[in-house]
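The values are calculated or read from the model by the stated rules, or taken from the named source; none is laboratory data. As the structure is a prediction and not an experimental result, all values here were calculated from the model. Cβ: placed from backbone, ideal geometry, glycine included. Neighbour counts: every protein chain shown. Heavy atoms of the whole protein, side chains included, go into the accessibility calculation; ligands, DNA and RNA do not. Shrake-Rupley method; radii C 1.70, N 1.55, O 1.52, S 1.80 Å.
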Amino acid sequence: MRSIWNGAISFGLVSIPIKLINATENHSVSFRQVHLADGGRIRYRKVCELDGEEVASGEIGKAYEDADGSMIPITDEDLGSLPLPTAKTIEIVAFVPADTIDPLQMDAAYYLSANGVPAAKPYTLLREALKRSRKVALAKYALRGRERLGMLRVVDEVIAMHGLLWPDEIRAPEGVAPEGDVSVRDAELDLADALMNTLGEVDLDSLHDDYREAVEELIAAKASGETLPPPEPGDSGGKVIDLLAALENSVRAAKEARGEEEGDEQGAPVAKVTSIADRKPSGSTTRRTPTGKSVSRSSSSSSGSDSGGGARKSASSPKSSGAKKSTAGTSRTTAKKAASGSRSGAKATASTAGASKSAPSKSPASKKTTASKKTAPAKKSETAKKQSGEKPAPRKRASA
């Protein structure tokens, strides 16, 4: 790396020849000013205000402009004759703890390299002394026409120097803090701590300049005649209405970005609660009766024989059993009339079927029962059997 300044470190009576090297570099994309009409380059020219002619760099000197506008010439010889002990020397004035340096004072950073073989031994001595003391060195040096303040510290196996602003160059933060008393609740602090813990640490080497990369992509696309797609609209960051809600959303978003599941403090995922009304047993079906009442029936009950299916269906509805009773009552009345009129059992059965058709019940179960009676062979009613001397058959209870 190219050095920008050569001098020595003054460490008491020890002098260490060093070279000053820039420790940082600027990666920002620079642009040129052009004429929009024809794309011509716009250049700055140094022109004398008195004669209007362009002046070369060798003919330009320094001057101080006084309050009345007059120019006081200052030459390099004038500046060189000043009693400036730090003109070519980095003079260490003290060793202090690193935390006593205000980060606001931090300026440019440089590497100090030993200049020559004789400088290696005192250079290493100063480096090791800084390591063991865990302190930094305050120094004064002159660079680019002015005296500056610096801080020397060890970075890996190299002594680095940070340029510092003078204490009187740091402005006081007057009128910057929020006005009035603002109180913060413990719950808000807890959420802020949770957000800080969720974000955690970051590897500084993984951070990069996204804007510079986007500018480079834009330049490459323009050079090749392509057009970049418009970016997706992002969050404009509106006003924060609820600070607690904003913190909770920030914690949730940070966990999602890190691939973590939202859970309790031990990291267990939160269980999802399902309502009992939303759960249905497997293999069950739900149907509605003509009255609008829902009746659930397991699919296992439908595996019975076809002969018993009609009885199960008719027994499942209260109206169906009522329709059966009314039909049976009508059958008895019709059988009595048929017996008194000396009609045959077949005619009584036919009249029973006709009476079943004219029954007031309109339920589908009663229709199915009537239809089954139509297809069944004609049987004598219990009253007819009593009159004829036959024993009535035992009644069967319909299974529910």
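Do you know which residues across the range 183-214 are open to solvent by 80 Å² or more (accessible area, probe 1.4 Å) and under 30 Å from LEU228 (Cα atoms)?
The answer is LEU204, ASP205, LEU207, HIS208, ASP210, TYR211.
Residue by residue, here is whether (1) at pLDDT below 90; (2) touching a Phe, Trp or Tyr at 6+ places or on another chain (Cβ under 6 Å); (3) assigned to a helix (DSSP H, G or I); (4) among the polar types (S, T, N, Q) holds:
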position: LYS140; (1), (2), (3), (4): no, no, no, no
position: GLY150; (1), (2), (3), (4): no, yes, no, no
position: VAL154; (1), (2), (3), (4): no, no, no, no
position: GLY180; (1), (2), (3), (4): yes, no, no, no
position: GLU188; (1), (2), (3), (4): yes, no, yes, no
position: LEU195; (1), (2), (3), (4): yes, no, yes, no
position: VAL202; (1), (2), (3), (4): yes, no, no, no
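Being touching an Asp or Glu at 6+ places or on another chain (Cβ under 8 Å) and either open to solvent by less than 40 Å² (accessible area, probe 1.4 Å) or without any contact (Cβ under 8 Å) to a residue 12 or more places away in the chain (or both) is the filter here; which residues of the range 139-163 pass it?
Listed by number, the residues that qualify are ALA139, TYR141, HIS162, GLY163.
Taking ALA139 and the conditions (1) more than 37 Å from the chain's Cα centre (by Cα); (2) over 18 Å from VAL93 (Cα atoms), which numbered condition does it fall short on, given that it satisfies the others?
Of everything listed in (1) more than 37 Å from the chain's Cα centre (by Cα); (2) over 18 Å from VAL93 (Cα atoms), ALA139 misses just condition (2).
Looking at this structure, is ARG2 at pLDDT 90 or above and surrounded by fewer than 10 Cβ atoms within 10 Å (Cβ to Cβ)? Reasoning before the result, please.
Numbers: at pLDDT 90 or above: no; surrounded by fewer than 10 Cβ atoms within 10 Å (Cβ to Cβ): yes.
It is false that ARG2 is at pLDDT 90 or above and surrounded by fewer than 10 Cβ atoms within 10 Å (Cβ to Cβ).
Anything in the range 5-25 that is open to solvent by less than 40 Å² (accessible area, probe 1.4 Å) and of a type in the set (Phe, Trp, Tyr)? List them, or say none. Write out each step before concluding.
Quick first cut of the range 5-25, residues open to solvent by less than 40 Å² (accessible area, probe 1.4 Å) only: 5, 7-10, 16, 18, 20-21, 23.
Passing the criteria: only TRP5.
Residue by residue, here is whether (1) farther than 22 Å from GLY12 by Cβ; (2) among the small types (Gly, Ala, Ser) holds:
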{"position": "PRO118", "(1), (2)": "no, no"}
{"position": "THR124", "(1), (2)": "no, no"}
{"position": "ARG132", "(1), (2)": "no, no"}
{"position": "LYS140", "(1), (2)": "no, no"}
{"position": "GLY150", "(1), (2)": "no, yes"}
{"position": "LEU165", "(1), (2)": "yes, no"}
